[in-house]
1. How big is the charge dipole of region 37-172 about its Cα centre, in debye rounded to the nearest 20, if each Lys and Arg gets +1 on its Cβ and each Asp and Glu gets -1 on its Cβ?
2. For region 9-49, build the convex hull from the C-alpha positions and give me its volume per residue in Å³.
3. Can you list residues from other chains, or at least 5 along the same chain, whose modelled amide H is less than 5 Å from the amide H of residue 122?
4. Assuming 0.36 nm per residue, please report the length gained on full extension of the stretch residue 130 to residue 85 beyond their Cα-Cα distance.
5. For region 145-272, report the % of Cα-Cα distances exceeding 19 Å.
6. Would you mind working out the accessible area per residue for the chain, using a 1.4 Å probe, and quoting it in Å²?
7. In the chain, what % of DSSP beta bridges are antiparallel (nearest 5)?
8. Jot down the per residue volume, in cubic angstrom and as a whole number, of the convex hull over the alpha-carbon atoms of region 57-110.
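The values are calculated or read from the model by the stated rules, or taken from the named source; none is laboratory data. It should be emphasised that the depicted structure is a prediction, and the values quoted were computed from it without experimental measurement. As a convention, Cβ positions derive from the backbone with ideal geometry for all residues, glycine included, and neighbour counts pool all protein chains shown. In case anyone asks, the SASA skips ligands and DNA or RNA and just uses the protein heavy atoms, side chains included. Shrake-Rupley method; radii C 1.70, N 1.55, O 1.52, S 1.80 Å.
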Amino acid sequence: MSPAAELITFNEATSAEAFASRFGATDDATARLLSAVVGHVHQLIKEFRPTPEQWRKVLDFLTEVGHASDERRQEWVLFSDLVGASALVEEINSRRPAGATPNTIRGPFFRADTPHRALGSTISLDGIGEPLMVDGSVEDLDGLPIPEAEIITWQANAEGCYENQQPDLQPEFNLRGQFHADQRGRFHYKTVRPAGYGVPGDGPVGRLFSQAGYPLHRPAHLHFVVRAPGFETITTHIYDASDPKLGEDALFGVRPELVHPFETLMVDGKPISRVTVKFVMVRARPGRSK
Ligand code: BEZ
Ligand code: FE
């Protein structure tokens, strides 16, 4: 065979195939997805025909997103959330029967190392903000309690900031906690009312979106992950029904069944709010992600 016969012809018509012929077949799902992404990128370049300078700017943006990501800040997750990719993956993977608690995106502020706390304790380590009591229950679709379900919660403070956004101002793990429901599937804890907030606009993703005039507001909410053996994990939000910006969520994440009244009582002249939440879990189904 002459050396010329081994050359792979690379031009506008063959670029994606030329790449695929070298990448080869693999069982690795991430590699297969990346290979498909390459095909779409080639298509996009053919359609939009960027100049090398314009393409360089795209690469510079992606580089900045990577540099802005570390164990405290996940700018790539923010990117995926804001372009609707995270929500679409959730939507495709976690369609649930009526009555079950829907999944929403987890967002960039989750911490897997959230400490365990005793039922009834507070997750507000600095005590700043208007007190909020959370009462919850975890049950299956038949209304039967799920004893000892595990509940992880995290939220912004009264100024709309997460603990890992303000490491110098908030104690580590402020407004985060992991609880085990009791034998009746019930749990309760104390916290403070979260404020709505702007999606971080100080990184490359927020800057790009604000330049494009995209609204970056999130209405006030609590985040939850609820797990129990034999059930699909719930990753969801509970929204404060009194937030006037409920309809303006940057992520289109507000669903009516996740909006709850945060009722306020005056105790000794001071406001104390309470919210009651119910999580309804679905039994794990074969072939579906847990
Ligand atoms: C959040 O709710 O914590 C969140 C989700 C996506 C982007 C930014 C923040
Ligand atoms: Fe949030």
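1. 740 debye
2. Taking only Cα atoms, region 9-49 has a hull volume of 48 Å³ per residue.
3. Under 5 Å from the amide H of residue 122 lie the amide H atoms of 190, each far enough along the sequence or on another chain.
4. Details: separation 45, 0.36 × 45 = 16.20 nm, distance 3.46 nm.
Computed gain between residue 130 and residue 85 is 12.7 nm.
5. Summing the P(r) tail past 19 Å for region 145-272 gives 59 percent.
6. Each residue of the chain exposes 56 Å² on average to a 1.4 Å probe.
7. Values: 33 of 46 bridges.
Here the antiparallel bridges make up roughly 70 percent for the chain.
8. So the per-residue Cα hull volume is 79 Å³.
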